[in-house]
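The structure appears right after this line, and notes come after that.
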Amino acid sequence: MRALLGRDGLARNDETGGAAQSGEADANVDKQFKALTERVARTADSDLKEFLSGILRATETTLSDLKVMRERLDDAQAKADAAATAAQLARKDASATVIRADIRAEAQAAGAVDAGDVLPFINLIDVQVGEDGKSNIGELIGALKRAKPHLFSKVSTSATHAAPKPGNATPKNALEMTTGEYRAAKARFTRR
């Protein structure tokens, strides 16, 4: 029995051959099998290379897209950080402005000659505001008033002159004045 390779590449048995042809046929089958294996390997390698090349291109595209997305994310994070910093500075400035206004108001209430002159003597860091919104500005103004009394006016309860009498503040008409009143008023105007 002899094995032959047909057109479709499959081995077939032929019962007419002898032993000598059997060896040649086996060698021929081995040769054809080897060629077929190489062809399949080349085709498989080519298909595999093409498949892997496609995967590599897709991976490179994905990595490129990820890099762009990372850059955009980093830019957005930087903008968000800058906005947060700006908002924090704005809150700090607004808080300092409110504290300065409170210091001026407390200084005015405490009798400061000029409330603006008190500001350089109060350190904003020393001002403490509680959760209830109350601060220690009054205590700081009191301490400043004891340390630098010249910044505050002395309030006196005793008056050295009489209080003005309530009355008519409109000037007297010259026709209604006596001759003496008229001469005195005329003298006052001509001296100027």
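Do any residues in the stretch 114-136 that are on the phi < 0 side of the Ramachandran plot have Cβ atoms under 9 Å from those of residues that are aromatic (Phe, Trp, Tyr) and surrounded by 12 or more Cβ atoms within 10 Å (Cβ to Cβ), where the two are at least six apart or on different chains, and which pairs are they? Filtered contacts from the stretch 114-136: Val118/Phe152. Taking the stretch 109-118 as the range and being surrounded by 14 or more Cβ atoms within 10 Å (Cβ to Cβ) and assigned to a helix (DSSP H, G or I) as the test, the residues that pass are Ala115, Asp117, Val118.
With the structure loaded, tell me whether Lys92 is more than 30 Å from Lys145 (Cα to Cα), in a helix (DSSP H, G or I), modelled with pLDDT of 70 or more and charged (D, E, K, R) or whether it fails that test. It is false that Lys92 is more than 30 Å from Lys145 (Cα to Cα), in a helix (DSSP H, G or I), modelled with pLDDT of 70 or more and charged (D, E, K, R). For the stretch 9-25, the criterion of being surrounded by 10 or more Cβ atoms within 10 Å (Cβ to Cβ) and either at positive phi or at pLDDT 75 or above (or both) is satisfied by at least one residue. With respect to the conditions (1) modelled with pLDDT under 90; (2) over 28 Å from Leu144 (Cβ atoms), Arg72 falls short on a single one, namely (1). Scan the stretch 147-192 for residues that are in a loop (DSSP other than H, G, I, E, B), at pLDDT 85 or above and either over 60 Å from the mean Cα position of the chain (by Cα) or loosely packed, with under 10 Cβ neighbours inside 10 Å (or both) and jot them down. The answer is Met177, Thr178.
The values are calculated or read from the model by the stated rules, or taken from the named source; none is laboratory data. Here the structure is a predicted model, which means the values were calculated and not measured. Cβ coordinates were reconstructed from backbone atoms using ideal geometry, including for glycine residues, and neighbour counts include every protein chain displayed.
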